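These notes are about the structure you will find just below.
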Amino acid sequence: MINPESAESADTPICSAKGCRAAAVWVLAWNNPKLHTPERRKTWLACEEHREHLSQFLGVRGFLKDVVSLAEWEARPGAEDSAADR
Ligand SMILES: [Zn+2]
């Protein structure tokens, strides 16, 4: 890839870690019980490198609910709902 900027297109999911532009491989589903109803899921995307870091960040706060591969997440029913619910 010649120009890394072009990787940040709308339909390429990018890792949510600060400053990271790697393609996302994992979806971290989380919920902050102080802000969200229990069934609600917020999602962070993570590349291979940041999955650990991001899930720890959510894990120590007790927010982390689920870690699934992006492919698996997109195959789940209702995945579009949570994606639109930022
Ligand atoms: Zn990353």
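The string of couplings for the range 17-23 from the Karplus curve (6.51, -1.76, 1.60, θ = phi - 60°) is 5, 4, x, 8, 10, 6, 5 Hz, one whole number per residue in order, with x for Gly and Pro. The HN-Hα couplings worked out from phi for the range 59-69 by the Karplus form 6.51 cos²θ - 1.76 cosθ + 1.60 (θ = phi - 60°) are x, 5, 8, x, 8, 6, 10, 7, 10, 9, 5 Hz, whole numbers, x standing for Gly and Pro. So what are the ³J(HN,Hα) numbers for the range 33-38, from phi and the Karplus equation (6.51, -1.76, 1.60; θ = phi - 60°), rounded to whole Hz, Gly and Pro as x? Along the range 33-38, the couplings run x, 7, 10, 10, 5, x Hz.
If you stretched the chain out fully between VAL68 and ARG21, how much longer would it get, using 0.36 nm times the residue separation minus the C-alpha to C-alpha distance?
On the way: separation 47, 0.36 × 47 = 16.92 nm, distance 1.95 nm.
Roughly 15.0 nm would be gained on extension.
Proximity of backbone amide H atoms, modeled 1.01 Å from N, is registered between ILE14 and ALA24 at under 5 Å, excluding neighbours fewer than 5 places apart on the same chain.
A cut-off of 5 Å between modelled amide H atoms, ignoring neighbours fewer than 5 places along the same chain, links ASP66 with ALA29.
In terms of other Cβ atoms within 10 Å, LEU28, LEU58 run from fewest to most in the order LEU58, LEU28.
For a footprinting-style exposure proxy, rank THR37, THR43, THR12 by other Cβ within 10 Å, fewest first.
Values: THR37 7, THR43 22, THR12 11.
Going from sparsest to densest Cβ surroundings: THR37, THR12, THR43.
Coordinate-derived values only; no laboratory data. On a predicted model such as this, the values are computed, not experimentally measured, just so you know. Glycine gets a Cβ as well: all are built from the backbone with ideal geometry, and neighbour counts include every protein chain shown.
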